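Novice: Dropping a structure here in structure tokens format, bear with me for questions.
The values are calculated or read from the model by the stated rules, or taken from the named source; none is laboratory data. Just so it is clear, the structure is predicted and the values come from calculations on it, not from any experiment. Cβ: placed from backbone, ideal geometry, glycine included. Neighbour counts: every protein chain shown. Please note that ligands, DNA and RNA were not included when accessible areas were found on the heavy atoms of the full protein model with its side chains. Shrake-Rupley method; radii C 1.70, N 1.55, O 1.52, S 1.80 Å.
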Amino acid sequence: MSTPAEPDIEVRTVADDEFTDWIRAVNVGFLRPPTVSDQYARALRANSDLDRVQGASDGGRCVATFRSFAQELTTVGGAALPVSAVSGVTVTPTHRRRGLLTRMMAAELAAARERGEVASTLIAAEYPIYGRYGYGPAAHITEWEIDTARAGLDPRWAAPADGGSVELVDLADAAKLGVEVFERFRPTRAGAISRDRRWWDLATGAARRDEPWTEPFFAVYRTADGEPAGFVRYRADDKWSDAKLPENTATVADLIALTPEAERALWHYLCSIDWIRKVRTGRRAPDDLLPLLLPNPRAARIVTHSDYLWLRLLDVVRVLEARTYAAEGAVVLEVVDPAGLAAGRFLLEAGEGGARCAPTTRSAELTLDVKELASLYLGDESAERLLALGRVAEERAGAAARTDELFRTAGRPWCPDMF
């Protein structure tokens, strides 16, 4: 449990001439070398709103960091929600357990609500931290490693059977084609988030972090009509056995496909590259098509499965009205929020024409913490499962099952991006 921070430790927004020291504190918190290059500091500063950058100062030294930025989150049905993305959260090891994160988080959530952002998102480095602030895991990821020799795919493959094509492009074209495909993809997948210009600059090397960078390969899938409908960004190592046999691994950084045909073609392309014996898929949705695209799905073994995107609701009415629902019906939710930001009793009525949500005095049917509603929101969790775990309470029998009927989705949400 955090103890109150000492009054001489000041928490406030960071001034322009303090920004490099702030980055240095971020590096310390994430166990990276503290040194910060001027080039990187200038680039990150140009992409940061200092009104959304907080730091804690003790004796003139930055000892805690917190940053947010505007983001769009795709909800079920394709609507883009204005949310606040939280990143760069650290507390220096010498200043833990003094309430610094609690103070920064409280300031950010209040400011986000004031800005009209309906929720907050983050990628949690550690699981136990953010539930205290009303965040719940809202989308998971799975990574597979494919043994290409056992996948059962035709090793003589040269082109997709559907008349499409896969071509390698240089990084200048990669940025243009990548943006085009991704912006068509984003409304189709709950959990997807917006990518700004800097995201693409970092992905293609136009901008650099303070770390070694290796130029990736970038392949585009085009339909038979020449329309770009998917892309993959990947790197490959250079490993050979003592018997001079290739043991190379292709590691996917990003694979986005608009159709199953595009997805099939890109995975087949990766698994057919000469000398590649393993393919690491990068962060995929847990219900990804990939394993079943292979004639032998056992050739893809899970190497990572974890919570990924965390969500903190700030405006229950707006977020519940923004998404679509799987059935017609109504439920009264009692939302508990110790911070008071999203607490209340709400009547959700879902129908073919959309959803209506409003505060109500009707008796509650399901009581749940705001973090549990966040886990349900994108369709990644089940109210019945939360009921079995004791994390929600039924005030009327069958309320959890009815909630699941409404919130059910055909596929699980997926956030492919780190931020």
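Novice: If the Cβ limit is 8 Å and pairs must be 6+ apart or interchain, which residue in the range 197-223 that is hydrophobic (A, V, I, L, M, F, W, C) pairs with which residue that is open to solvent by less than 90 Å² (accessible area, probe 1.4 Å) and modelled with pLDDT under 90?
Specialist: none
Novice: Okay, next question. Can you work out which of the residues in the range 321-342 that are touching a helix residue (DSSP H, G or I) at 6+ places or on another chain (Cβ under 8 Å) and open to solvent by 60 Å² or more (accessible area, probe 1.4 Å) is farthest from Thr188 (Cα to Cα)?
Specialist: Looking at the filtered set, the residue picked out is Ala339.
Novice: How about the range 271-320: which of its residues are surrounded by fewer than 23 Cβ atoms within 10 Å (Cβ to Cβ), part of a helix (DSSP H, G or I) and either in contact (Cβ under 8 Å) with a residue 12 or more places away in the chain or out of contact with any helix residue (DSSP H, G or I) (no Cβ under 9 Å at 6 or more places or on another chain) (or both)?
Specialist: Leu290, Pro291, Leu292, Leu293, Arg298, Ala299, Val317, Arg318
Novice: Within the range 20-57, track down each residue that is under 16 Å from Leu101 (Cα atoms) and surrounded by 15 or more Cβ atoms within 10 Å (Cβ to Cβ).
Specialist: Hits for the range 20-57 are Trp22, Ala25, Val26, Val28, Gly29, Arg52, Val53, Gln54, Gly55, Ala56, Ser57.
Novice: Do you know which residues across the range 63-80 are open to solvent by less than 10 Å² (accessible area, probe 1.4 Å), within 22 Å of Arg408 (Cα to Cα) and either acidic (Asp, Glu) or assigned to a strand (DSSP E or B) (or both)?
Specialist: The answer is Leu73, Thr74.
Novice: Which members of the range 177-190 meet the condition of being touching a residue at least 40 places away in the same chain (Cβ under 8 Å), among the charged types (D, E, K, R) and surrounded by fewer than 12 Cβ atoms within 10 Å (Cβ to Cβ)?
Specialist: To start, the set of residues in the range 177-190 that are touching a residue at least 40 places away in the same chain (Cβ under 8 Å) comprises 177-178, 180-182, 184-190.
From what is left, the residues that are among the charged types (D, E, K, R) are 180, 184, 186, 189.
Listed by number, the list is empty, since nothing qualifies.
Novice: Let me ask another. Regarding Thr204, is this residue of a type outside the set (Lys, Arg), crowded, with 19+ Cβ neighbours inside 10 Å and either touching a helix residue (DSSP H, G or I) at 6+ places or on another chain (Cβ under 8 Å) or farther than 24 Å from Val303 by Cα (or both)?
Specialist: yes
Novice: Would it be correct to say that Val179 is assigned to a helix (DSSP H, G or I) and of a type in the set (Val, Ile, Thr)?
Specialist: Judged against the criteria, Val179 is a match.
Novice: Out of the residues in the range 28-70 that are polar (S, T, N, Q) and touching a residue at least 60 places away in the same chain (Cβ under 8 Å), state the one that is nearest to Arg208 (Cα to Cα).
Specialist: Going through the qualifying residues, I end up with Gln39.
Novice: Considering only the range 10-37, state which residues are within 27 Å of the chain's Cα centre (by Cα) and part of a helix (DSSP H, G or I).
Specialist: Phe19, Thr20, Trp22, Ile23, Arg24, Ala25, Val26, Asn27, Val28, Gly29, listed by residue number.
Novice: Something else about it: Residues to consider are Gly60, Gly88, Gly99; find the one that is over 26 Å from the mean Cα position of the chain (by Cα), open to solvent by less than 30 Å² (accessible area, probe 1.4 Å) and not aliphatic (A, V, I, L, M).
Specialist: Just one listed residue meets the conditions, Gly99.
Novice: Then there is this: From the list Ala350, Ala400, exactly one residue is out of contact with any Gly (no Cβ under 7 Å at 6 or more places or on another chain) and crowded, with 18+ Cβ neighbours inside 10 Å. Which is it?
Specialist: Ala400
Novice: Still on this structure: Do you know which residues across the range 166-176 are surrounded by fewer than 17 Cβ atoms within 10 Å (Cβ to Cβ) and either in contact with a Pro (Cβ under 7 Å, 6 or more places away or on another chain) or not in a helix (DSSP H, G or I) (or both)?
Specialist: Passing the criteria: Glu167, Leu168, Asp170.
Novice: Now for a different question. Please specify each residue of the range 329-374 satisfying the condition of being at positive phi and touching a residue at least 12 places away in the same chain (Cβ under 8 Å).
Specialist: Start the filter on the range 329-374 by keeping residues that are at positive phi, which leaves 329, 340, 344, 354.
Once the filter is applied, which keeps residues that are at positive phi and touching a residue at least 12 places away in the same chain (Cβ under 8 Å), the range 329-374 yields Gly329, Gly344, Gly354.
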